[in-house]
Amino acid sequence: MYGDRVHRAVLEAGCRVSGCSVHFVDEEYDHGPIIAQRAVPVLEEDTVETLGERVRAAERELYPEVINWFADDRVILQPDGRVRVLGRETAP
């Protein structure tokens, strides 16, 4: 599930938080080890469109941040499949 279907499902389920993830790609869709995530609050007045725009805004911030980590050689995929980002103290 992706795009507006996700936002619609989040709203229908009554979730309070949504968000986005950046992860390594593997053979399954939307499945690889997570590098970073960004939470986006779900507001009471949200529509599919307003929630979707806030999630996309979070993606526009997160993707360049993660790309810079790669450019700085800070992302390590460990043998157990976990991701470590050097200089980052919290989990993704």
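Each value in this text was obtained by applying a stated rule to the coordinates, not by laboratory testing. Nothing here was measured: the structure is a model prediction, and the numbers come from that model. As a convention, Cβ positions derive from the backbone with ideal geometry for all residues, glycine included, and neighbour counts pool all protein chains shown.
Within segment 15-38, which residues are surrounded by fewer than 14 Cβ atoms within 10 Å (Cβ to Cβ) and either outside any loop (DSSP other than H, G, I, E, B) or free of Cβ contacts under 8 Å to residues at least 24 places away in the same chain (or both)?
Once the filter is applied, which keeps residues that are surrounded by fewer than 14 Cβ atoms within 10 Å (Cβ to Cβ) and either outside any loop (DSSP other than H, G, I, E, B) or free of Cβ contacts under 8 Å to residues at least 24 places away in the same chain (or both), segment 15-38 yields Val17, Val25, Asp26, Glu27, Glu28, Tyr29, His31.
Residue by residue through segment 49-76, note down the ones that are under 16 Å from Asp4 (Cα atoms), among the small types (Gly, Ala, Ser) and without any contact (Cβ under 8 Å) to a residue 24 or more places away in the chain.
Within segment 49-76, just Ala57 meets the criteria.
Of all residues in segment 39-48, count the ones that are surrounded by fewer than 17 Cβ atoms within 10 Å (Cβ to Cβ) and in contact (Cβ under 8 Å) with a residue 24 or more places away in the chain.
Going through segment 39-48 one residue at a time, the tally reaches 2.
Of everything in segment 49-75 that's within 13 Å of Gly19 (Cα to Cα) and in contact with a helix residue (DSSP H, G or I) (Cβ under 6 Å, 6 or more places away or on another chain), which residue is surrounded by the fewest Cβ atoms within 10 Å (Cβ to Cβ)?
Gly52
With the requirement that a residue be touching a strand residue (DSSP E or B) at 6+ places or on another chain (Cβ under 7 Å), closer than 26 Å to Arg88 by Cβ and β-branched (Val, Ile, Thr), what does segment 1-41 give you?
Matches in segment 1-41: Val17, Val22, Ile34, Ile35, Val40.
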